[in-house]
Amino acid sequence: QVHLVESGGGLVQAGGSLRLSCAASGRTFSTYTMGWFRQAPGKEREFVGRISWIGGSKYYADSVKGRFTISRDNANNSVYLQMNSLKPEDTAVYYCAAGTSAGATAASYDYWGQGTQVAVSS
């Protein structure tokens with residue numbers, strides 16, 4: 001069992017940066033692939049990126065590639081999403097998720113946080 005809590009969301013101007021954090025509980029955190037998703041009002045949940053359990057493999061959606069960076073600290077049971085050059089279209093609720101054989105689909109993740117709101121003004 002893994003419990004996830006996101007933090008770090010807020011309001012930022014276009015071009016700015018935010019760093020989201022996801023704190024996990026559970027002794028097996030380091031064995032999970034961790035993903036970030038987002039959901040804008042009226043839209044489906046969208047894959048943002050993921051990082052493998054050992055941190056050596058990262059994969060990003062084309063919409064955020066080159067602007068967002070995922071990292072993890074297994075010693076502290078945390079995963080991060082550094083978001084730079086933010087755009088108004090990045091506005092959404094951001095979720096972290098954990099899965100044992102997870103990819104780019106929401107269905108492949110077993111555990112979810114409650115989400116943190118990111119708003120980017122133009």
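The values are calculated or read from the model by the stated rules, or taken from the named source; none is laboratory data. Bear in mind the structure is a predicted one, so any value in this text is a computation, not a measurement. Note that we place each Cβ from the backbone using ideal geometry, even for glycine, and neighbour counts take in every protein chain shown. With ligands, DNA and RNA removed, areas are computed over all heavy atoms of the protein, side chains included. Shrake-Rupley method; radii C 1.70, N 1.55, O 1.52, S 1.80 Å.
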- Item | Among residues of region 4-41, those that are over 12 Å from TYR80 (Cα atoms), at pLDDT below 95 and of a type outside the set (D, E, K, R), counted | 9
- Using beta carbons and a limit of 8 Å, which pairs, at least six apart or on different chains, have the first residue in region 19-39 and closer than 24 Å to GLN117 by Cβ and open to solvent by 20 Å² or more (accessible area, probe 1.4 Å) and the second one among the basic types (Lys, Arg) and not in a strand (DSSP E or B)? GLN39/ARG45
- Item | Enumeration of residues in region 37-94 that are out of contact with any Pro (no Cβ under 9 Å at 6 or more places or on another chain), part of a loop (DSSP other than H, G, I, E, B) and polar (S, T, N, Q) | SER52, SER57, SER63, ASN77, ASN84, SER85
- Candidate set from region 1-17 (those that are within 12 Å of the chain's Cα centre (by Cα), assigned to a strand (DSSP E or B) and not β-branched (Val, Ile, Thr)); member that is surrounded by the fewest Cβ atoms within 10 Å (Cβ to Cβ): SER7
- By residue number, the members of region 72-100 that are at pLDDT 95 or above, closer than 20 Å to ASP110 by Cα, open to solvent by 10 Å² or more (accessible area, probe 1.4 Å) and not β-branched (Val, Ile, Thr) are TYR80, TYR95
- Task: Look at SER63 and say whether it is touching a residue at least 40 places away in the same chain (Cβ under 8 Å) and farther than 20 Å from ALA23 by Cα.
- Result: no
